[in-house]
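For reference, the structure is listed below as structure tokens.
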């Protein structure tokens, strides 16, 4: 493959951040295309998975946990409610607030999303041997856990 036909051409590819940014775009596009077949987007997956992992959560708590700003969280939850994947219910411990709950339909749909995302992983990383995929995942996991990066990025604060 010529240097000019690469996704990140020429000396631009010398910068890891440029490679990561482009790979992020590619991954997002592949995932969005796959999930649109289910009538969903990547942002919907994160919310459904968080609800499956943690149970019912207040909307603000969910947004903070996922680092999603309030406006995006509202529109995402509206979409999920419209499809019957999640619902807002009064918190039995505090009748003034609502909890977002994963519905049975949402849990079933989540299984389909997980399958779709595994397929995207396979497609995106097909050219890498298993050991390299695992190493990449490990490195990205370390960055995900980085306190320095967490402190610099918080969509809920802008």
Practice item. Return yes or no: is residue 110 under 18 Å from the mean Cα position of the chain (by Cα), free of Cβ contacts under 8 Å to residues at least 40 places away in the same chain, surrounded by 13 or more Cβ atoms within 10 Å (Cβ to Cβ) and assigned to a helix (DSSP H, G or I)? Key: no
**Study point:** Qualifying positions in region 14-47 - in a loop (DSSP other than H, G, I, E, B) and touching a residue at least 40 places away in the same chain (Cβ under 8 Å)
**Key:** 37, 38, 39, 40
Check your understanding: Residues of region 67-89 being over 15 Å from residue 46 (Cβ atoms), outside any helix (DSSP H, G or I) and in contact with a strand residue (DSSP E or B) (Cβ under 8 Å, 6 or more places away or on another chain), which ones?
Key -> 87, 88, 89
Check your understanding: If you check residue 85 against the conditions, is it in contact with a helix residue (DSSP H, G or I) (Cβ under 6 Å, 6 or more places away or on another chain) and either under 18 Å from residue 51 (Cα atoms) or in contact (Cβ under 8 Å) with a residue 60 or more places away in the chain (or both)?
Key -> yes
Check your understanding: Yes or no: residue 95 modelled with pLDDT under 95, in contact with a strand residue (DSSP E or B) (Cβ under 9 Å, 6 or more places away or on another chain), more than 20 Å from residue 36 (Cα to Cα) and surrounded by fewer than 12 Cβ atoms within 10 Å (Cβ to Cβ)?
Key -> no
Check your understanding: Which members of region 76-92 meet the condition of being under 16 Å from residue 60 (Cα atoms) and more than 19 Å from the chain's Cα centre (by Cα)?
Key -> 87, 88, 89, 90, 91
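The values are calculated or read from the model by the stated rules, or taken from the named source; none is laboratory data. None of these values were measured; they are calculated from a predicted model. Cβ: placed from backbone, ideal geometry, glycine included. Neighbour counts: every protein chain shown.
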